[in-house]
Amino acid sequence: MNRIKKYGSGLLITVLMLFTVSSCDLTELDINRDPNNPAQASLSLLLTNVELNASSTFAGNLNDATHGFVAITDYFDSFNMTNSSWNGTWNYLYSNPLKDLDGILKTTAQQRADGAANPYYEGIAKVLKAYYFSLMVDLWGDVPYSSAFQGDAKTQNLAPAFDGGAAVYSDLLTLLDEALAHFNETSPVNISGDLIYGGSNTNIKNKWSRAARSLKFKLLLQMSRADASVIPTLTTMEAANTTPGEEFISSASDDFQFTFSTTNNPDDRHPTYSDGYAGGTAAYSYYGHQLMYEMLVPLTLGGTVPGDPRTYFYFKRQTSTVLNPDDPTDKNTMPCSQRTDCTYGYFPLSDYVAGGVYNKTAATLTNSQKTFLAGYFGRDRSDPSGIPNDNPIRTTVGLYPAAGLYDDGPEAGGGNKGKGDGIFPMITTWMTKIHRIEAALALGVATTTTPRTLFQTAMQEQFAKVNSFVSKDPGAVAISTARRDAYINDQLAKYDAAVSNTAKLNVVLKQAWFMNFGNGFEIYNTFRRTGMPTGLQTPLQPPRQFALRLPYAQDEINLNTNTPTVVFDSPANAVFWDVLKFQF
C-alpha cells in the first residue's frame with residue numbers, strides 16, 4: 001500500500017537545480033559563467049517547488065498513515081511498520097523540498113548580510129520551515145536539523161547529528177518570531193511563486209503573519225503537557241488576538257492550505273485523488289467502518305439518513321449490489337468474513353449497523369436500505385483478514401477534500417472522473433478555534449470568546465469549507481443551512497450536557513475527528529496529546545502497539561552512524577511532548 005512518489009511539475013524545471021547552495025566551482029576561476037545556466041534557481045521558483053513537493057509528500061502516504069493511526073482509514077491501522085516503510089519518503093523530503101527550503105533561507109540570509117534584505121521571502125521560508133519540521137518532529141522525534149543539508153558543502157558532513165525534538169521546537173518558535181518581524185519590514189520586491197496565499201505583498205504579509213501566529217499557538221499547545229511554562233505565552237497570545245496586527249487565522253480567506261491543480265501530466269493533483277481515480281479502478285485503501293457508521297447514524301434531535309450532512313462529500317459509494325453470504329466468492333469478499341469479533345462488519349447484514357442507522361434488524365431492512373448501505377464498504381479497525389479483489393466496490397475518495405466525486409449515487413471509481421484540485425488543510429480557521437478551546441478547557445487559558453461559541457463557529461466554518469467544493473462537481477448539492485444547523489445544534493446539546501471541562505473537550509475533539517478529515521496529523525497529534533476522542537474502536541488484532549512515532553528510514557540507519565536506535569511503539573521512545581504515551 002505504500003505510495004511513494006516523486007512529485008514535480010512541468011513548470012518546475014528547477015528540480016534540476018536541487019543543489020541551490022553549491023558554488024558550482026569546477027575550478028578556482030570565476031570566469032566564463034553562462035547566464036542561461038545559473039548556479040542558483042530564483043527564489044520564486046524554489047518557493048513554488050518547495051510548496052508543491054512538500055505538500056504532495058505530507059498530504060500523501062504520511063497523511064494516510066496518520067488517518068490510519070486514529071481509525072479513519074486502514075492505512076497502517078495495524079501499526080505494523082518497519083524501517084523500510086518510510087525510507088523513500090524520508091529520503092525525498094530531505095533531498096528535495098526541505099533542501100530547497102534550506103536554499104531559500106541561506107540565500108536570503110546572505111542577502112541580508114549584504115545589505116539587500118528580502119524580508120518577505122525570508123519570512124515565508126521561516127514559516128514553512130517551522131511547519132514542515134514541526135511535522136518531522138511530531139512524526140519521527142529527533143531529526144537531523146542544525147547540521148542537515150551539508151552533504152554538498154565543502155565541509156561534506158554526510159552524517160548529520162539528530163537534534164532533540166524539544167530543541168528543534170524551540171528553534172522553530174524563534175523562526176516564527178523572526179518571520180513576524182520580517183513581515184513588518186518593507187519588501188524591495190513583489191513576491192511571486194507562492195502557491196499558498198499568492199496575491200499582493202500586502203495580502204501575503206497579512207495572511208502569512210496570521211499563519212505564523214496560529215502555528216506558534218499550535219506548537220505551544222503541543223508542548224504544554226510536557227512544559228507548563230509555555231501556558232502564560234498561550235494566555236498572552238489569546239488576549240492579544242483581538243488587537244489589530246496580532247490576530248490568528250480567523251476566516252476561510254486566511255486558511256493556511258495548499259490547493260492542488262487539475263494537471264495530470266505530470267500529476268499535480270491531490271495524492272488521495274490520484275489513488276482513488278487515476279487508475280482504471282479505485283485503488284484507495286479502506287475507510288474505517290466506525291467513521292462511516294457514525295456519520296450515517298440519524299441525529300439525536302431528529303433528521304434523516306445520513307445523520308451527518310457531510311457524508312456525501314466525504315465518501316463515494318461504488319456499488320449498490322448486496323453480497324450474498326451463501327456464495328463462497330461473495331462471502332470471502334465481505335468485510336470481516338473471516339472473523340466473528342467485528343463491531344460493524346458488512347453493513348447490509350449487520351444488526352449493529354442497521355439498528356443504529358435504521359432502528360431495525362438487518363433482516364427487516366428494505367431492499368433500498370440494503371443497497372444504500374452496500375456502498376459503505378470499508379473495514380473494522382485493524383482487521384487482519386486477507387484483502388480480496390474488491391477495489392471496484394470499496395467506498396472510495398469523495399469530493400472533499402481531494403476533489404473526487406460527490407456521492408449522488410453508486411458509481412465505479414477510477415478513470416480520472418473528478419478534477420483532483422483538492423486541498424491539504426494545514427492550519428485553518430476552525431482548527432485554530434479548536435486549539436483555543438483546548439487551551440481554555442484543558443489549561444485554563446481565558447478566551448476572548450467562550451469555548452461554546454468558538455465550537456459553534458468552528459463547525460459553521462468547516463461546513464462552509466465543505467460546501468465550497470460544490471463547484472468542483474456539477475452533480476454536487478450544497479448542504480442546506482437547515483441541515484447544517486440541525487447537526488450543529490445536536491453537537492452543542494452534547495456539549496451543554498457534558499458535566500465537566502474534560503467531558504466538554506471530548507465532545508469538541510470527537511467532532512474535530514470528523515472536521516479534520518484530510519489532515520491526519522492534526523487528529524493523530526491531538527489523540528497523542530489528550531487521549532481524545534475517547535471511544536475509538538479497539539483494534540481487532542494489531543501485531544504492534546499504538547504507533548507513538550514513525551520508525552527511522554533504513555537508509556539513514558545504514559549510512560548515518562548518528563541515527564538513534566528507537567522502537568516506534570515503545571513509550572520510552574515517544575516524542576518529547578507526548579506525556580500520555582498511549583497504549584491499548
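The values are calculated or read from the model by the stated rules, or taken from the named source; none is laboratory data. Only a predicted model underlies this, so the values are computations on that prediction, with no experimental measurement involved. Neighbour counts are summed over all protein chains in view; Cβ atoms, including those assigned to glycine, are modelled from backbone coordinates with ideal geometry.
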**OP:** Considering (1) assigned to a loop (DSSP other than H, G, I, E, B); (2) within 17 Å of Ala166 (Cβ to Cβ); (3) of a type outside the set (Ser, Thr, Tyr); (4) in contact with a helix residue (DSSP H, G or I) (Cβ under 6 Å, 6 or more places away or on another chain), say which one Leu195 fails and leave the rest.
**Re:** (2)
Subject >> Exclusive hit being more than 20 Å from Ile427 (Cβ to Cβ) and aromatic (Phe, Trp, Tyr), set Trp140, Trp208 >> reply: Trp140
**OP:** Filter the stretch 482-519 down to the residues that are closer than 22 Å to Gly422 by Cβ and not in a loop (DSSP other than H, G, I, E, B), then identify the one that is modelled with the lowest pLDDT.
**Re:** Arg484
Original post:
Listed residues Phe347, Phe313; which is closer than 23 Å to Thr538 by Cβ, out of contact with any Ser or Thr (no Cβ under 8 Å at 6 or more places or on another chain) and surrounded by 21 or more Cβ atoms within 10 Å (Cβ to Cβ)?
Top reply: Phe347
Subject >> Selection status of Gly475, in contact with a Phe, Trp or Tyr (Cβ under 9 Å, 6 or more places away or on another chain), surrounded by fewer than 19 Cβ atoms within 10 Å (Cβ to Cβ) and part of a loop (DSSP other than H, G, I, E, B) >> reply: yes
Original post:
Of all the residues that make up the stretch 320-332, how many are crowded, with 17+ Cβ neighbours inside 10 Å, of a type in the set (S, T, N, Q) and either in contact with an Asp or Glu (Cβ under 9 Å, 6 or more places away or on another chain) or modelled with pLDDT under 95 (or both)?
Top reply: 0
**OP:** Would you mention how many residues in the stretch 154-181 are touching a Leu at 6+ places or on another chain (Cβ under 8 Å) and outside any loop (DSSP other than H, G, I, E, B)?
**Re:** 4
**OP:** With the condition kept exactly as written, say whether any residue in the stretch 254-261 is surrounded by 23 or more Cβ atoms within 10 Å (Cβ to Cβ), modelled with pLDDT of 95 or more, within 26 Å of Lys360 (Cα to Cα) and of a type in the set (Phe, Trp, Tyr).
**Re:** no
Original post:
For the stretch 467-475, does any single residue satisfy the condition of being in contact with an Asp or Glu (Cβ under 8 Å, 6 or more places away or on another chain) and at pLDDT 95 or above?
Top reply: yes
Subject >> Unique match (being within 22 Å of Ile434 (Cα to Cα), surrounded by fewer than 19 Cβ atoms within 10 Å (Cβ to Cβ) and among the β-branched types (Val, Ile, Thr)) among Thr242, Thr202 >> reply: Thr242
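Residue by residue, here is whether (1) under 23 Å from the mean Cα position of the chain (by Cα); (2) modelled with pLDDT of 95 or more; (3) in the same structural domain as Gly355 (by TED's automatic domain parsing) holds:
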site	(1), (2), (3)
Arg381	yes, yes, yes
Glu411	no, no, no
Gly418	yes, no, no
Thr429	yes, yes, no
Ile437	yes, yes, no
Gln460	yes, yes, no
Original post:
So which of Leu158, Leu135 is crowded, with 16+ Cβ neighbours inside 10 Å and among the hydrophobic types (A, V, I, L, M, F, W, C)?
Top reply: Leu135
Original post:
Quick one: in the stretch 100-113, which of the residues that are within 15 Å of Phe133 (Cβ to Cβ) and surrounded by fewer than 22 Cβ atoms within 10 Å (Cβ to Cβ) is farthest from the chain's Cα centre (by Cα)?
Top reply: Leu105
**OP:** Considering every residue within the stretch 541-549, establish whether at least one is in a helix (DSSP H, G or I), polar (S, T, N, Q), surrounded by fewer than 23 Cβ atoms within 10 Å (Cβ to Cβ) and not assigned by TED's automatic domain parsing to the domain that holds Leu215.
**Re:** no
Original post:
Here are some residues: Ile488, Ile437. Which one is over 27 Å from Ala278 (Cβ atoms), β-branched (Val, Ile, Thr) and buried (at least 24 other Cβ atoms within 10 Å of the Cβ)?
Top reply: Ile437
Subject >> Yes/no for Gly414 being part of a loop (DSSP other than H, G, I, E, B) and crowded, with 24+ Cβ neighbours inside 10 Å >> reply: no
Original post:
Any residue in the stretch 520-531 that is out of contact with any Leu (no Cβ under 7 Å at 6 or more places or on another chain) and either in a loop (DSSP other than H, G, I, E, B) or over 30 Å from Tyr92 (Cβ atoms) (or both)?
Top reply: no
**OP:** Output the number of residues of the stretch 334-365 satisfying the condition of being modelled with pLDDT of 95 or more and either of a type in the set (Ser, Thr, Tyr) or at positive phi (or both).
**Re:** 8
**OP:** Filter the stretch 316-344 for residues that are of a type in the set (Val, Ile, Thr), over 19 Å from Leu536 (Cα atoms) and in contact (Cβ under 8 Å) with a residue 40 or more places away in the chain and give the result.
**Re:** Thr319, Thr321, Val322, Thr333
